[in-house]
1. Mind checking the per residue accessible area of the stretch 1-99 for me, 1.4 Å probe, whole number of Å²?
2. What is the packing order of peptides 1-13, 96-108, taking the mean over residues of other C-beta atoms within 10 Å and listing the highest first?
3. Sort ASP174, ASP190 by heavy-atom solvent-accessible area, probe 1.4 angstrom, most to least.
4. Can you put MET71, MET131 in order of accessible area, largest first, using a 1.4 Å probe?
5. Contact order normalised by length for the stretch 1-95, with contacts defined as Cα pairs under 8 Å and 6 or more residues apart; what percent is it?
6. Relative contact order, percent, of the chain when contacts are C-alpha pairs under 8 Å separated by at least 6 residues?
7. Treating only the Cβ atoms of Lys and Arg (+1) and Asp and Glu (-1) as charged, compute the dipole magnitude of the chain about its Cα centre; round to the nearest 20 debye.
8. How much mean residue ellipticity at 222 nm does the chain get from its helices, if each DSSP H run of length 4 or more adds -39500 (n - 2.57) and you divide by all residues, to the nearest 500 deg cm²/dmol?
Amino acid sequence: PLFFEISPREAEQMDPGERLLLTEAYRAIEDAGIAPSSLRGSKTGVFVGLEESHYKQMMAEAEITTDGAAMISSRLSYYLDLHGPALAINTACSSGLVALHSASMSLQRNECSTALVAGIALNLAPQSYLMMSKAGMLSPEGYCRSFSKDAQGIGVGEAVVVVMLKPLSTALADGDRIYGTINASGINFDGKTNGVTAPNGALQEKLIEN
């Protein structure tokens, strides 16, 4: 914790997603061949897509003073002294992709020069599994059969992932390691379906076409 300027006492109580984001973001920056210290004072944005981990309920008795989704993105910007946007985004299953879209739009509008985009999904308490089970969302066999007529529900996984985005011209000029490019992105809501958790295939197809 001292590496990230966090007191040991606070580190014991802080959200695991916050700790993991710091670690993985640092790894992503170094993997890009960039010295983290060189980002200080820059217009680097942080866009974090995350779902509720129920950690706050688990730690109800703890003396947490910096808890909450907003702190997860703010902590990274604070530690690295970044001056771009710092957003925590929760749109359930699409949180990571919406964060990626938001970062892309921010880069296009020159709100930031570089973006760290993260997806965080942690299920730290039994409440989330109980709620998903009662709602009939969990696959009884533990497998997610996307787009299949045999689909019976979702298979839940946990992960923290971070990617670094720059305009392609800037990345090429800086000699950065480039893994891929984003040609387009878009977001929508599926409107009225046969259930609030059920997708609308026709509207998702229309979004892709547009």
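1. Numbers: 5150 Å² over 99 residues.
Result: 52 Å² per residue.
2. Values: 1-13: 11.7, 96-108: 20.3.
Packing order, densest peptide first, comes out as 96-108, 1-13.
3. Values: ASP174 90, ASP190 25 Å².
Largest accessible area first, the residues go ASP174, ASP190.
4. Details: MET71 55, MET131 105 Å².
Of MET71, MET131, the descending order of accessible area is MET131, MET71.
5. On the way: 111 pairs, mean separation 35.8, N = 95.
Relative contact order for the stretch 1-95 comes out at 38 percent.
6. On the way: 323 pairs, mean separation 47.4, N = 210.
Computed value for the chain: 23 percent relative contact order.
7. Details: 15 positive and 23 negative charges, 102 e Å.
Magnitude of the dipole: close to 500 debye.
8. Working: 8 runs with 77 residues, N = 210.
Here the helix-only value at 222 nm equals -10500 deg cm²/dmol.
The values are calculated or read from the model by the stated rules, or taken from the named source; none is laboratory data. Everything numeric here is computed off the predicted structure, so don't read it as measured data. Neighbour counts are summed over all protein chains in view; Cβ atoms, including those assigned to glycine, are modelled from backbone coordinates with ideal geometry. With ligands, DNA and RNA removed, areas are computed over all heavy atoms of the protein, side chains included. Shrake-Rupley method; radii C 1.70, N 1.55, O 1.52, S 1.80 Å.
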